[in-house]
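Here the structure comes first, spelled out in structure tokens, and everything after it is commentary.
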Amino acid sequence: MAQEYRVISSDSHLELSPDSWSPRVPAQWRDRAPRRIQLPDGADAVLIENRPLHRVQATRFAGMLADDQAPTYAGNHGWGGPDRRVREQDRDGIDAEILFTHPQFPDFWRAIPDDDVYRALIHAYNEYLAEEYCAYAPDRLVAMGVIPPTCLDDAVAELEYCARAGLKGVALYRFPNGTGSPLPEDDRFWAATMSLGMPITAHTANGSTRFTRQGPVFPYPHRPAGTRGERDPFNTELFRFCGDIPFAPLQLAFAGVFDRFPALHLFWGETQIGWLPYTLWQIDDHYERYGQLFNDQWGLPVLERRPSEYLRTQNSWGFLVDVVGVQQREVVGVDKLMWGSDFPHSATDWPNSRRAIEQNFAGVPEAERDLMLAGNAARFFHMG
Amino acid sequence: MAREYKVISADSHLDLNPDVWTHRVPARWRDRAPKRVVMPNGSDGVVCDGGKPHAISLTSHTGGQFDQMPFQIPKFSETVGNGPPQQRVEEQDRDGIDAEVMFSLVESMFRNAKEDELYLALVRAQNEYLAEEYMAVAPDRLFSLGTIPTTGIHDAVNELEHCAKLGFKGVTLTRFPSGHGYPTPEDDRFWAAALDLRMALAQHGGGRFAGPRDEPSFLYPRIIESPNNHKADAINLLFSNSPSPGATGGSPAYGAMQMAYAGVFDRFPQLRMYFAETWAGWLPACLFSLDDNHRRFRALMQHFWGLDDLERKPSDYLREHTFWGTLYDPVGIQGRAAIGADKIMFATDFPHAASDWPNTHKAIEDAFAGVPEPERHQILAGNAVRYFHLDE
């Protein structure tokens with residue numbers, strides 16, 4: 001019988017020791033995989049070529065400050081194996097978690113410049129997720145496969161692998177072409193996600209869905225004479241007064257992706273939602289004011305619909321504690337919002353998520369609350 | 001009898017052709033003062049003290065004529081808003097605006113001045129021109145703000161006092177009074193003088209005080225370099241998972257929180273700060289997440305940075321001590337209760353591109369639909385009259 005879900009964290013984090021998955025890296029490259037080492041003070045750290053040591057972070061929860069401990073994978077809550085993770089869910093009263101690999105990890109592994117090795121690492125990691133970690137409790141541990149941010153062929157191949165391996169979704173770290181700019185060739189990837197029925201997600205980094213601060217952000221046909229790269233509709237104009245949280249979905253909208261794939265729907269983890277009413281309105285207003293200028297100067301395409309309509313209808317958003325956002329849920333619709341615990345990162349209320357949920361959803365009718373707490377995630381990730 | 005104000009723009013701009021005021025620069029500095037130059041594409045630019053010419057921009061000087069914008073070459077003489085004061089009053093009439101609080105682009109125009117003495121002379125000359133020649137034409141409608149120099153507390157207090165003598169209702173700060181991007185104890189002299197002189201304080205920079213590069217953002221009592229502390233800045237923890245509007249990055253409430261943590265609002269309970277052109281629609285979510293993050297992170301802030309906890313919640317300081325300027329912002333107006341209708345000031349941004357000139361009234365009708373008259377009046381005029389003492 002399928003599990004009945006009451007609370008799913010749509011945004012939790014994997015903090016896996018490389019010891020767990022690096023044995024799956026093919027032998028020819030295994031010595032280049034990240035390695036766990038122990039520092040003199042007893043803390044764990046991860047070593048990879050070309051990068052400073054990555055010290056395991058102390059995990060902090062509300063009211064608890066762990067600054068005098070030597071943080072280790074074995075000691076940190078949420079940093080162990082799948083068996084421990086399920087017990088941690090139980091302690092918090094959570095039925096299942098959507099597990100993200102934070103963008104800092106693919107960035108850290110990218111210390112390896114060789115694409116073949118880099119790709120092999122990511123594939124080994126995904127294999128471990130599918131065959132060992134999630135396999136331990138497939139109804140409760142729902143990890144997103146990592147799409148390699150290298151090139152389109154790699155992205156499509158890994159997407160197909162993740163689908164075959166039974167992962168319930170994947171996370172993007174760049175556009176499928178491997179850069180921070182959406183390109184027409186990406187359509188092959190979007191088409192594949194549709195035919196495979198694979199949910200597509202991405203997790204914010206530094207509070208924005210923007211994939212990277214490097215490189216072009218849009219394939220502008222031209223730009224105003226005499227201007228340099230930094231000032232353009234995306235980098236400065238559209239988000240000037242509202243922040244760039246919906247950066248990537250708006251790139252998709254202007255690239256025509258949502259028009260060409262009307263059934264495409266993405267989930268953006270840890271965006272929070274209290275900004276939605278104002279930001280959606282701001283972007284529409286700015287687009288109405290400046291759209292003609294952007295079109296004239298940069299060749300930014302003219303949208304078929306208002307920007308907010310793309311953001312509203314073909315995207316879902318993840319939030320933690322966000323009372324203001326919950327109250328204003330009708331702006332995008334209660335079916336587009338998913339609660340998450342952020343465990344084991346510092347914004348989590350673990351092990352008291354249930355108490356935080358009571359405050360977060362005070363006064364919300366039960367049917368709507370159920371959708372945000374579990375129903376939307378179960379539907380989106382085809383759980384059960 | 002005092003003028004009756006129905007609509008005041010609490011944030012308009014005055015980006016003057018420097019040729020109109022540089023006759024006030026002392027003779028020994030005059031050839032190094034800003035000058036209008038013509039750029040290769042035919043638009044006007046400004047050059048100061050031999051620095052790089054700074055082109056005036058399309059979106060700052062055309063008065064919002066968007067359908068024509070892509071085809072215009074901006075010049076001081078042809079754009080609206082930056083002509084003589086009589087012209088400005090007529091432009092207010094055409095837009096149905098009773099008065100404007102105006103900011104000048106001083107830092108970007110003067111930043112090339114290579115000596116402090118020259119820079120101070122330029123600030124002084126422009127302030128005097130604005131007070132004695134520009135505002136004097138319509139003293140109940142043209143409220144330019146005086147500019148406070150960024151060269152140190154002594155110069156800041158000096159110019160503040162001079163601005164009060166000149167009859168300015170308020171002044172604008174680019175940096176903290178000390179000239180830094182973070183609050184310092186010496187700023188207290190300035191805050192005290194501002195209260196004493198009844199000079200209203202304004203900041204127009206997305207809520208962030210500028211500062212020299214590579215400066216810290218706050219004078220923390222200590223910074224524990226623990227390998228377990230991977231966060232760079234304590235006050236920024238309050239903005240974790242928080243919407244961060246502002247092209248320059250960072251929340252518009254950052255400057256106000258710097259002031260709160262420096263104890264400025266506790267030591268000067270009467271002090272208020274107006275942050276212009278921040279908009280207001282982000283405030284409800286920000287006020288909530290500030291308090292939520294404060295609860296989560298205050299122990300950490302105290303531990304690693306030695307930061308004394310606030311006496312009140314972050315949102316309490318913002319609600320009591322800060323004012324926010326917004327343009328056409330229906331979402332912000334609807335959400336006014338979060339900060340209080342007495343803390344939001346409407347503005348046109350004229351003659352910058354975000355302005356709805358000459359159709360501001362149409363925008364107002366739309367943005368204020370359903371808002372009760374007393375609150376509508378507060379946001380459209382009452383708050384600015386009270387804050388800037390415009391009826392005195």
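Taken together, the values in this text are just the output of simple stated rules run on the coordinates, not laboratory data. None of the values given here were measured: they were computed from a predicted structure. Positions of Cβ are backbone-derived with ideal geometry, glycine not excepted, and every protein chain shown enters the neighbour counts.
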Checklist outcome for this item: Given Cβ charges of +1 for Lys and Arg and -1 for Asp and Glu, the option among A:Ala255, A:Pro233, A:Gly340 whose Cα lies farthest towards the positive end of the dipole of segment A:8-380 is A:Pro233
Item to check | Choice from B:Arg124, B:Arg298, B:Arg111 with maximal GNM fluctuation in chain B (Cα, 10 Å cutoff) | outcome: B:Arg111
Next on the checklist: Over 28 Å between Cα atoms: which of B:Lys169/B:Lys343; B:Lys52/B:Lys75; B:Lys6/B:Lys169; B:Lys52/B:Lys343 fall into that group?
Outcome noted: B:Lys52/B:Lys343
Next on the checklist: Which lysines, if any, have their Cα less than 28 Å from the Cα of A:Lys336, not counting same-chain residues under 8 positions apart?
Outcome noted: A:Lys168
Item to check | Of all DSSP beta bridges in the protein assembly as shown, antiparallel share, percent nearest 5 | outcome: 25
Checklist outcome for this item: Out of A:Leu121, A:Gln359, A:Ser10 - ranked by how far each Cα lies towards the positive end of the dipole of segment A:8-380, with unit charges on the beta-carbon of charged residues - the top one is A:Leu121
Next on the checklist: If neighbour count is taken as other Cβ atoms inside 10 Å, put A:Asp285, B:Asp291, B:Asp349 in order from fewest to most.
Outcome noted: B:Asp291, A:Asp285, B:Asp349
Checklist entry - Which one of A:Glu97, A:Glu366, A:Glu15 has the biggest mean-square fluctuation once chain A is modelled by GNM with Cα springs under 10 Å? => result A:Glu366
Checklist outcome for this item: From DSSP H assignment alone, runs of 4+ in chain B each adding -39500 (n - 2.57), the sum over residues rounded to the nearest 500 puts [θ] at 222 nm at -9000 deg cm²/dmol
Checklist entry - In straight Cα distance, which lysines are under 28 Å from B:Lys231, not counting same-chain residues fewer than 8 positions off? => result B:Lys313
Checklist entry - Rounded to the nearest 20 Debye, what is the dipole magnitude of segment B:233-392 about its Cα centre when Lys and Arg each give +1 and Asp and Glu each give -1 at the C-beta? => result 340
Item to check | Cut-off of 10 Å, at most 11 other beta carbons, DSSP loop: longest stretch of chain A lacking such trypsin sites (Lys or Arg not before Pro) | outcome: A:1-212
Item to check | Gap separating the Cα centres of segment B:67-126 and segment A:1-63, nearest whole Å | outcome: 56
Checklist entry - So how far, in whole Å, is the C-alpha centre of segment A:70-132 from the one of segment A:146-175? => result 16
Checklist entry - Considering every residue in A:336-346, what mean count of other chain Cβ atoms within 10 Å of its Cβ is obtained? => result 1
Checklist entry - Which Cα, out of A:Trp21, A:Gly375, A:Phe105, lies furthest along the positive dipole direction of segment A:8-380 (beta carbon charges, K/R +1, D/E -1)? => result A:Phe105
Next on the checklist: What does the C-alpha gyration tensor say about the overall shape of segment A:1-136? Classify as rounded when a/c is under 1.5, otherwise prolate if a/b is larger than b/c, or oblate.
Outcome noted: oblate
Next on the checklist: Using a 10 Å cut-off around each Cβ, can you sort A:Trp339, A:Trp29 from fewest to most neighbouring Cβ atoms?
Outcome noted: A:Trp29, A:Trp339
Checklist entry - Going by how many other beta carbons lie within 10 Å of each one, how would you line up B:Ser240, A:Ser10, fewest first? => result B:Ser240, A:Ser10
Checklist outcome for this item: With only helices counted (DSSP H, runs n ≥ 4, each -39500 (n - 2.57)), the per-residue ellipticity at 222 nm for chain A, to the nearest 500, works out to -9000 deg cm²/dmol
Next on the checklist: Cut-off 10 angstrom, C-alpha nodes, Gaussian network model of chain A. Which of A:Asn126, A:Asn177, A:Asn295 fluctuates the most?
Outcome noted: A:Asn295
Item to check | Size of electric dipole in the protein assembly as shown: Cβ of Lys, Arg +1 and of Asp, Glu -1, about Cα centre, debye, nearest 20 | outcome: 660
Item to check | Two-site FRET efficiency, B:Glu4 against B:Glu161, from Cβ-Cβ distance with R₀ of 45 Å, rounded to 0.05 | outcome: 0.90
Checklist outcome for this item: Checked segment B:22-61 against the a/c 1.5 cut and the a/b vs b/c comparison, axes a ≥ b ≥ c from its Cα gyration tensor; verdict prolate
Checklist entry - Using bins 10 angstrom wide from zero, how does P(r) for the protein assembly as shown break down, in % of all Cα pairs? => result 2, 13, 22, 24, 19, 12, 6, 1, 0
Item to check | Relative counts (whole %) of C-alpha pair distances in segment A:143-279, using bins that are 10 Å wide | outcome: 11, 42, 34, 11, 1, 0
Next on the checklist: Taking a ≥ b ≥ c as the square roots of the Cα gyration tensor eigenvalues, with a/c under 1.5 meaning rounded and otherwise prolate when a/b beats b/c, else oblate, which class fits segment A:8-380?
Outcome noted: oblate
Checklist entry - Just the Cα atoms of chain B: what Rg and Dmax do they give in Å? => result 20.9, 66
Next on the checklist: If the only charges are +1 at each Lys and Arg Cβ and -1 at each Asp and Glu Cβ, what is the size of the charge dipole of segment A:8-380 around the Cα centre, to the nearest 20 debye?
Outcome noted: 320
Next on the checklist: Which aspartates and glutamates, if any, have their Cα less than 12 Å from the Cα of B:Lys35, not counting same-chain residues under 8 positions apart?
Outcome noted: B:Asp19, B:Asp44, B:Asp49
